Amino acid sequence: MTKVIKNGTIVTADRTYKADILIEGETIKQIGEDLKGDEVIDAEGAYVIPGGIDPHTHMEMPFMGTTAAETFETGTWAAACGGTTMTVDFVLPGADGSIKNAINDWHRKSGPQICSDIGFHVAVTGWNETIFNEMKDAVDMGVNSFKHFMAYKGALMIEDDEMFASFKRCKELGALPMVHAENGDLVADMQQQMLEQGITGPEGHAYSRPPEFEGEAANRAITIADAAGVPLYIVHVSCEQAHEAIRRARQKGMRVYGEPLAQFLTLDESEYFNKDWDHAARRVMSPPFRNKQHQDSLWAGLQAGSLQVVATDHAAFSTEQKRMGVNDFTKIPNGSNGLEERLGVLWTHGVETGRLTMNEFVAVTSSNVAKILNIYPRKGAIVEGADADIVVWDPSIKKTISASNHHSILDYNVFEGFEVTAQPRYTLSRGEVIWAWGQNSQPQPGRGKFVPRPAFPSAHAALSRWKALTAPKQIHRDPMNIPAGV
Ligand code: DUC
Ligand code: ZN
Ligand code: ZN
Ligand code: ZN
């Protein structure tokens, strides 16, 4: 059984051209002219792009005294409706602190539910011999990236010496360290100051997490990564200070990656001053939304290549859950939605405005993610032999984003009222049409697969810059052999 996508314009990270795509089973068999297949998928008037990959989601995450409402089923279905065919979810260790048990737990929860493919990162929230050993197990289980929280003091936060040890372990294993960059000690102090001054509403969230705290942590994480001789991936970059730290590190020759969110690019801090408490609380996430100056910096970074990918940090808490913090903003579960909206919002506010080319749009929503997370070109590419994760992206479909028509489990949408100027006509996951505009029929839960991400091969050959300084003849700073151009 073959399918052929006909009459479309293929847009990849580096090319725009007209061709047909022949799909056999789950993979792209051939790209060329006048191809024939058993079934025709019409892409007339549309662009044909690699399926979106969201590198940062939190489905069913136990967090801040509750559990994120989005299930793996509703989340991966919502993603498909918006053109995202793969999500990479963050595994958090449970009470026993075991990374290995947590990964197994995530498999048990996600496996029967996922409508499209998934990968995992795992968090390192402390440091001991078990964690040291289990990091190797994680890599063997196809999880090659480890997140470190520099915030959430007293809960998930890790100290600098622990982070340094973990980064060095990442280097040994060929794994990619990631950080949530905010100075957790200062945030905790500022939160207390706000509460003492009687500021208990969502505006206190913004006041207690200024961009300077994020910039400081980003610089600190970069220094630790440099000393350990590993690349670094900074999640949810929201501000100029963190962006600047990344830009400077890259200019020195370090491999540091930055991930702005669709929300940060289009929503600003005024949301926290909305008179409607629910409105403001629904947008409480960390780091918080910033002002226009920061947004401009992030857009420029995506265009210039100093920021590489756009994610959502999709962590969906219902209005009822948000109300846990009605008397104290520090108890509002942190998180906002965006999984279904990411591509449409980025197209409308990025491509339509001229801030991104179509090729850059594909790079930051898909190809760069696949390269950095070591699943390229199986994912993130339209080439013969790749998984047929393909979106027929239709610039004639206009829609107003609303909780009344979205597919997320949430009772609201932070992008409510946004007009988007393109949407998927079809979304294909490994050759199967899992979304067709106007049909709204959900694919079989459990059809999605876990995508193991192997260790990066040349990590062992890396020398940190600090060693290099004392051994100038051996300077070699290409730790992860991640393909050039990212
Ligand atoms: N930030 C959020 O807003 N939610 C989930 C975790 C995080 O770091
Ligand atoms: Zn500390
Ligand atoms: Zn985070
Ligand atoms: Zn997150």
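The values are calculated or read from the model by the stated rules, or taken from the named source; none is laboratory data. Here the structure is a predicted model, which means the values were calculated and not measured. Every residue, glycine as well, gets a Cβ built from its backbone with ideal geometry; the counts of neighbours run over all protein chains shown.
Within segment 70-108, the set of residues being closer than 17 Å to GLY338 by Cβ, within 15 Å of ligand 4 (Cβ to nearest atom), outside any helix (DSSP H, G or I) and in contact (Cβ under 8 Å) with a residue 40 or more places away in the chain comprises GLU70, THR87, VAL88, PHE90.
The condition (being over 30 Å from SER441 (Cα atoms) and within 16 Å of ligand 2 (Cβ to nearest atom)) is satisfied by just one residue among ALA175, ALA155, ALA95, ALA123: ALA155. Filtering segment 225-241 to residues that are buried (at least 24 other Cβ atoms within 10 Å of the Cβ) and farther than 20 Å from SER166 by Cβ leaves VAL237, SER238, CYS239. Quick check: anything in segment 298-306 part of a loop (DSSP other than H, G, I, E, B) and either over 17 Å from the mean Cα position of the chain (by Cα) or within 16 Å of ligand 3 (Cβ to nearest atom) (or both)? For segment 298-306, residues part of a loop (DSSP other than H, G, I, E, B) and either over 17 Å from the mean Cα position of the chain (by Cα) or within 16 Å of ligand 3 (Cβ to nearest atom) (or both): absent.
For (1) modelled with pLDDT under 95; (2) polar (S, T, N, Q); (3) at positive phi; (4) within 16 Å of ligand 4 (Cβ to nearest atom), each residue gets a yes or a no:
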{"site": "LYS171", "(1), (2), (3), (4)": "yes, no, no, no"}
{"site": "GLY174", "(1), (2), (3), (4)": "yes, no, yes, no"}
{"site": "ALA181", "(1), (2), (3), (4)": "no, no, no, yes"}
{"site": "LEU186", "(1), (2), (3), (4)": "no, no, no, no"}
{"site": "MET194", "(1), (2), (3), (4)": "no, no, no, no"}
{"site": "PRO202", "(1), (2), (3), (4)": "no, no, no, no"}
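Please go through (1) away from ligand 1 (no atom under 16 Å from the Cβ); (2) within 24 Å of GLU134 (Cβ to Cβ); (3) in a helix (DSSP H, G or I) for MET163 and return the number of the only condition it doesn't satisfy. Single failed check for MET163: (1).
As for segment 147-159, it holds no residue that is over 16 Å from PHE90 (Cβ atoms), within 15 Å of ligand 3 (Cβ to nearest atom) and part of a helix (DSSP H, G or I). Quick one: is LEU356 surrounded by fewer than 23 Cβ atoms within 10 Å (Cβ to Cβ) and in contact (Cβ under 8 Å) with a residue 24 or more places away in the chain? Against the criterion (surrounded by fewer than 23 Cβ atoms within 10 Å (Cβ to Cβ) and in contact (Cβ under 8 Å) with a residue 24 or more places away in the chain), LEU356 qualifies. Here VAL179 meets each of (1) aliphatic (A, V, I, L, M); (2) away from ligand 3 (no atom under 14 Å from the Cβ); (3) out of contact with any Cys (no Cβ under 6 Å at 6 or more places or on another chain); (4) in contact (Cβ under 8 Å) with a residue 40 or more places away in the chain with one exception, condition (2).
Taken together, the residues in segment 234-247 that are over 14 Å from GLN293 (Cβ atoms), in contact (Cβ under 8 Å) with a residue 40 or more places away in the chain and either in a helix (DSSP H, G or I) or of a type in the set (D, E, K, R) (or both) amount to 2.
Of all the residues in segment 49-69, those that are closer than 29 Å to LYS153 by Cβ and either of a type in the set (Ser, Thr, Tyr) or not in a strand (DSSP E or B) (or both) number 11. How about segment 354-392: which of its residues are outside any helix (DSSP H, G or I) and aromatic (Phe, Trp, Tyr)? Residue satisfying the conditions is TYR376 alone. Taking the criterion of being hydroxyl-bearing (Ser, Thr, Tyr) and touching a residue at least 12 places away in the same chain (Cβ under 8 Å), the residues of segment 10-53 that qualify are THR12, THR16, THR27, TYR47.
Confirm whether GLU340 is away from ligand 2 (no atom under 16 Å from the Cβ), crowded, with 19+ Cβ neighbours inside 10 Å and assigned to a loop (DSSP other than H, G, I, E, B). Judged against the criteria, GLU340 is a match. Give ALA151, ALA95, ALA68 a once-over and let me know the one that is farther than 24 Å from HIS406 by Cα, out of contact with any helix residue (DSSP H, G or I) (no Cβ under 7 Å at 6 or more places or on another chain) and among the hydrophobic types (A, V, I, L, M, F, W, C). Just a single option satisfies the conditions, and that option is ALA95.
Number of residues in segment 406-448 that are part of a strand (DSSP E or B) and more than 25 Å from ALA262 (Cα to Cα) equals 2. Exactly one residue among ALA123, ALA188, ALA165 is of a type in the set (Gly, Ala, Ser), surrounded by fewer than 24 Cβ atoms within 10 Å (Cβ to Cβ) and out of contact with any Lys or Arg (no Cβ under 8 Å at 6 or more places or on another chain), and that residue is ALA165.
Looking only at residues in segment 251-278 that are among the charged types (D, E, K, R) and modelled with pLDDT of 95 or more, the one that is farthest from ligand 1 (Cβ to nearest atom) is LYS275.
Could you count how many residues in segment 197-233 are in a loop (DSSP other than H, G, I, E, B) and not charged (D, E, K, R)? The total comes to 10.
Conditions (1) surrounded by fewer than 18 Cβ atoms within 10 Å (Cβ to Cβ); (2) in contact with a helix residue (DSSP H, G or I) (Cβ under 8 Å, 6 or more places away or on another chain); (3) among the basic types (Lys, Arg), marked per residue:
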position	(1), (2), (3)
TRP393	no, yes, no
LYS398	yes, no, yes
ILE401	no, yes, no
HIS407	no, yes, no
TYR412	no, yes, no
GLU416	yes, no, no
VAL420	no, yes, no
ARG425	no, no, yes
LEU428	no, no, no
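Within segment 252-263, one or more residues are closer than 30 Å to GLU73 by Cα, in contact with a Lys or Arg (Cβ under 7 Å, 6 or more places away or on another chain), surrounded by 21 or more Cβ atoms within 10 Å (Cβ to Cβ) and of a type in the set (A, V, I, L, M, F, W, C). Residue under question is TYR207, and the condition is that it be surrounded by fewer than 21 Cβ atoms within 10 Å (Cβ to Cβ), aromatic (Phe, Trp, Tyr) and more than 15 Å from ligand 2 (Cβ to nearest atom); does it hold? Yes; evaluated as a whole, the condition is true for this residue.
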